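Accompanying notes for the structure given below.
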Amino acid sequence: MSYAGPEFDPPQPRRRRRGPLTVALAALVPGALLGWLVHEAVGDPADRGDAARATVRSSPVPSSGSSAATDDARTDKTPTDDAPTDDVPTDDAKEPGASEKPAPRTSAPAASGPLKGKVVVIDPGHNPANFQHTAEINRKVNIGTNWKECDTTGTSTNSGYTEAGFTLDVAHRMRTLLQRQGATVKLTQDGDRPYGPCVDERARIGNKAQADAVVSIHADGSGPGNRGFHVILPGAVRAGSADTRAIVGPSRALGERIAGNFVRVTGSAPSNYVGGGTGLVTRKDLGGLNLSTVPKVFIECGNMRDSKDAALLTSGAWRQKAAQGISEGIVSFLRG
């Protein structure tokens, strides 16, 4: 059926007209905008504050201009040799003992903290370059009771990770942790000298700094199966230029605090081959202790020649724990 006539003609193309809803919205928008402007001028100040805060939160950080924000970002994200507990790089894939650019031997203390005003000297045992200076490190020096070699090369794991590399790494980590507590931290060496220093000079560095505590970092080279750490305390010595009587008591207190915290943080057991299970050993034949006039101890963090201990010593994550345990022992000692 075909529809013809004026009311049934086929529809012709025509321009689309705005519907009643569109017209109504067009009329309302200017009014709503005007109302918003009035509200902003006389409305609730708290609402305006919330809007302003929302604007700040959603604003992008400028690529230049505000140096405080960009400096903080760089500080938080730039890895260093002595980064702190939470942000220290502990990439165990890095070749153990790989050389790194030495950091300054002495660094400024933190602005505040429980150890503000305290001086801690860290003595990283041996020196990565000692093996290149055998004549110099074999030279005899006076340690009070007798004469001994200036220094030694130290030991290493069976895979070649050196004790000197280990001690520097732990020292860097300790420095960061102790500075965060407000301490002034000094290192006897930071891989920044051709060899040494000799054992008598190491003692003098702590004495000259009038250190509140000195800790010499080491790792042992005993036989396989001998495991665990031990802290070496000075015995009572009075001979020649050595007189340890005044430091025996405080050094023992320092050593006991370190041993207790080392067990707690690292989970390592005290030595099974010296110290009778106490983790404490007293010696009178070490120049670094005999010539010290300030509280000082040595710590052998483990046995590099035992495969199980070596697995710990070569782990960056475990070295961070070792540094934390030793540092917390120092903090406990200095805070009484």
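The values are calculated or read from the model by the stated rules, or taken from the named source; none is laboratory data. Computed from a prediction, not measured in an experiment: that's the story for all the values here. Here the Cβ is made from the backbone with ideal geometry for all residues, glycine too, and neighbour counts use every protein chain on show. Heads up: the accessible areas ignore ligands, DNA and RNA and are worked out on the full protein's heavy atoms, side chains in. Shrake-Rupley method; radii C 1.70, N 1.55, O 1.52, S 1.80 Å.
Going through (1) free of Cβ contacts under 8 Å to residues at least 24 places away in the same chain; (2) over 23 Å from the mean Cα position of the chain (by Cα) one by one, Ala253 falls short only on (1). The single condition from (1) open to solvent by less than 10 Å² (accessible area, probe 1.4 Å); (2) of a type outside the set (Asp, Glu); (3) more than 23 Å from Asn261 (Cβ to Cβ) that Ala236 fails is (1). Tell me yes or no: at least one residue of the range 85-105 is at pLDDT 50 or above, within 29 Å of Thr244 (Cα to Cα) and not in a loop (DSSP other than H, G, I, E, B). No, every residue in the range 85-105 fails to be at pLDDT 50 or above, within 29 Å of Thr244 (Cα to Cα) and not in a loop (DSSP other than H, G, I, E, B).
Only one of Val274, Val294 is closer than 25 Å to Gly336 by Cα, out of contact with any Cys (no Cβ under 6 Å at 6 or more places or on another chain) and either of a type in the set (Val, Ile, Thr) or open to solvent by less than 40 Å² (accessible area, probe 1.4 Å) (or both); which? Within the list Val274, Val294, the selection yields Val294.
Kindly indicate which of Ala310, Ala219, Ala242 is open to solvent by less than 60 Å² (accessible area, probe 1.4 Å), under 26 Å from the mean Cα position of the chain (by Cα) and either over 18 Å from Ser327 (Cβ atoms) or not aliphatic (A, V, I, L, M) (or both). From the options Ala310, Ala219, Ala242, the qualifying one is Ala310.
Yes/no matrix, rows are residues, columns are (1) under 25 Å from Gly160 (Cα atoms); (2) in a strand (DSSP E or B); (3) at pLDDT 95 or above; (4) not β-branched (Val, Ile, Thr):
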position	(1), (2), (3), (4)
Lys186	no, yes, yes, yes
Asp190	yes, no, yes, yes
Pro194	yes, no, yes, yes
Arg204	no, no, yes, yes
Asn207	no, no, yes, yes
Ser216	yes, yes, yes, yes
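Within the range 162-184, the residues that satisfy the criterion of being in a loop (DSSP other than H, G, I, E, B) and either among the charged types (D, E, K, R) or open to solvent by less than 10 Å² (accessible area, probe 1.4 Å) (or both) are Gly182, Ala183. For Phe229, all conditions in the list (1) in contact with a Cys (Cβ under 8 Å, 6 or more places away or on another chain); (2) of a type in the set (Phe, Trp, Tyr); (3) open to solvent by 50 Å² or more (accessible area, probe 1.4 Å) hold save one; what is the number of the exception? Here Phe229 meets the rest and fails (3). Within the range 139-161, the set of residues being open to solvent by 60 Å² or more (accessible area, probe 1.4 Å) and more than 19 Å from Asn290 (Cα to Cα) comprises Thr153, Asn158, Ser159. May I ask you to say which residue of Gly196, Gly206, Gly182 is more than 21 Å from the chain's Cα centre (by Cα) and on the phi > 0 side of the Ramachandran plot? Result: Gly196 is the single residue among Gly196, Gly206, Gly182 that is more than 21 Å from the chain's Cα centre (by Cα) and on the phi > 0 side of the Ramachandran plot.
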